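A.B. asks: Take a look at the following structure, please.
The values are calculated or read from the model by the stated rules, or taken from the named source; none is laboratory data. Bear in mind the structure is a predicted one, so any value in this text is a computation, not a measurement. Using ideal geometry, Cβ is built from the backbone for each residue, glycine included, and neighbour counts are taken over all protein chains shown. Accessible surface is based on the protein model in full, side chains and every heavy atom, while ligands, DNA and RNA are left aside. Shrake-Rupley method; radii C 1.70, N 1.55, O 1.52, S 1.80 Å.
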Amino acid sequence: MLLTDSTSIITRENIQILVIDNKLASAEISLFGGHILSFIPKHDNRQRLWVSQNAVLNGKKAIRGGIPICWPWFGDHKDNQFSAHGYVRDQQWQIISSAETPLGTQVVLQPTSSSGAGFDGDTQLSLSIMVGKDLNIKLSTKNVGETSLRYNCALHTYFAIHDIHNCELTGLEGNYLDKTQNFDSFETPVPYKIGQETDRVHLHKAPNILIKDKDINTQVQSSGHDSIIVWNPWQDKSISMGDMADDSYLTMICVETAITQGQNVAAGETHVLEQVIS
Ligand code: TA6
């Protein structure tokens, strides 16, 4: 196992977790799903990510919370016969490399296979994570086939907040498609507050979003995306989801850096989706 001075492996229920603890931050990454579960910078010791207290850690079901990797599609599959959000968030990933750098600890993970039913691309998928003052996540899709491919993806990040009623987003503009209203198009509200089930695909390459949680701000910088999704299930959906406590919608919000409009990757080329959390 490729470990460094600041990395170790623990087992929690049925999953292996890579624990990173360096002078800048600590983090936990489930090797099941290539799934970041925790990021705590040491300058403020504030947990940035939310994980459900009822998350299933059986190594079969995608973990509720943290940063699920949605690939090679986002949401429902166009043929609707495959599970939502693709097939890599519920498979085992491997550590390809790890290194201590001046900016923090960098690890690269890859899924056991990036081929699967529902997608005919020939790819190499890798996730590069830098755990430092910020959390820098890069999802790279290399086309190792002979023909161009097209895919969607998302870093489906669940952020921890104190109270959804005191939360406001800045940095989004233009129109969004509202999944709770047949994907009809609406204007981004200002101020951007959440007071009901919210499931919005913003067709805006917002490079810099602030999640304002009373007087605490979490910055979300994105690149390589064509959309930002904002999701909060609110109370009824939370109650209906076995891996969410009934009131857990109050302390989380998803701000997801994504490709939802189709990204072409020519043979031999690589596309990188990046999210930086501060
Ligand atoms: O990103 C928002 C969303 O697509 C919602 O529609 C909701 O389905 C959420 O993802 C969670 O999906 P999951 O398959 O993880 O339950």
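A.B. asks: Send over the Kirkwood Rh of segment 89-178, from the inverse of the averaged 1/r over different Cα pairs, rounded to one decimal Å. Mind dumping the intermediate values first?
C.D. replies: Details: mean 1/r = 0.0611 Å⁻¹.
So the Kirkwood estimate lands at 16.4 Å.
A.B. asks: Where does each of 117-127, 60-70 land if you order them by average Cβ count within 10 Å, highest first?
C.D. replies: For the peptides 117-127, 60-70, the packing ranking is 60-70, 117-127.
A.B. asks: How big is the equivalent ellipsoid of segment 7-277 along its three axes, where each semi-axis is √(5λ) from the Cα gyration tensor, reported in whole Å from largest to smallest?
C.D. replies: 26, 24, 19
A.B. asks: Sort out the exposed loop GluC sites (Glu not before Pro) in the chain (DSSP loop, at most 13 other Cβ within 10 Å) and tell me the longest stretch that has none.
C.D. replies: 14-145
A.B. asks: Within straight cross-link reach of LYS42, meaning Cα distance under 24 Å, which lysines are found once same-chain residues fewer than 8 apart are removed?
C.D. replies: Counting by Cα, and skipping residues close in sequence, LYS42 has these lysines nearby: LYS23, LYS133, LYS138, LYS212, LYS214.
A.B. asks: Follow-up. Highest GNM mean-square fluctuation, the chain, Cα pairs closer than 10 Å: which of GLN196, GLN221, GLN110?
C.D. replies: So, out of GLN196, GLN221, GLN110, the one fluctuating most is GLN196.
A.B. asks: Expressed in whole Å with the largest first, what are the equivalent ellipsoid semi-axes of segment 151-262 derived from the C-alpha gyration tensor as the square root of 5 times each eigenvalue?
C.D. replies: 21, 17, 14
A.B. asks: Looking at segment 135-222, which chymotrypsin sites (Phe, Trp or Tyr not before Pro) are in a loop (DSSP not H, G, I, E or B) and have at most 16 other Cβ atoms within 10 Å?
C.D. replies: PHE183
A.B. asks: Just to confirm, what accessible area per residue do you get for segment 59-139 at 1.4 Å probe, in whole Å²?
C.D. replies: Details: 3380 Å² over 81 residues.
Per-residue accessible area for segment 59-139 comes out at 42 Å².
A.B. asks: Within segment 18-54, report the trypsin sites (Lys or Arg not before Pro) that DSSP leaves as loop and that have at most 15 other Cβ atoms within 10 Å.
C.D. replies: Answer by residue number: LYS23, LYS42, ARG46.
A.B. asks: Roughly how big is segment 57-159's charge dipole about its Cα centre, with Cβ charges of +1 (Lys, Arg) and -1 (Asp, Glu), in debye to the nearest 20?
C.D. replies: 280 debye
A.B. asks: Taking the Cα centre of the chain as origin and charging only Cβ (+1 Lys, Arg; -1 Asp, Glu), how large is the dipole, in debye to the nearest 20?
C.D. replies: Charge dipole of the chain: 440 debye, to the nearest 20.
A.B. asks: Dipole of segment 67-125, Cα-centred, from +1 at each Lys and Arg C-beta and -1 at each Asp and Glu C-beta, to the nearest 20 debye?
C.D. replies: Value, rounded to 20: 100 debye.
A.B. asks: Compare ARG150, ARG89, ARG12 in a GNM of the chain, Cα atoms joined below 10 Å, and give the one with the largest fluctuation.
C.D. replies: Sorting by GNM fluctuation, first place goes to ARG12.
A.B. asks: Rank LEU273, TRP234, PRO207 by how far each Cα sits towards the positive end of the charge dipole of segment 196-278 (+1 on Lys, Arg Cβ; -1 on Asp, Glu Cβ) and give me just the farthest.
C.D. replies: Among LEU273, TRP234, PRO207, the one farthest towards the positive end of the dipole of segment 196-278 is PRO207.
A.B. asks: How large a share of the accessible area of the chain, in percent, is made up of carbon and sulfur atoms when the probe is 1.4 Å and the other protein chains stay in place? Spell out each step's value before the answer.
C.D. replies: On the way: 5620 of 12020 Å².
Looking at the chain in its full context, I get 47 percent from C and S.
A.B. asks: Shifting gears a bit: Calculate the FRET efficiency for ARG46 and GLU146 from the Cβ-Cβ distance with a Förster distance of 41 Å, rounded to the nearest 0.05.
C.D. replies: Approximately 0.30, to the nearest 0.05.
A.B. asks: Here's something else I'd like to know. Counting only C-alpha contacts under 8 Å and six or more residues apart, can you give the relative contact order of the chain as a whole percent?
C.D. replies: Relative contact order comes out at 18 percent.
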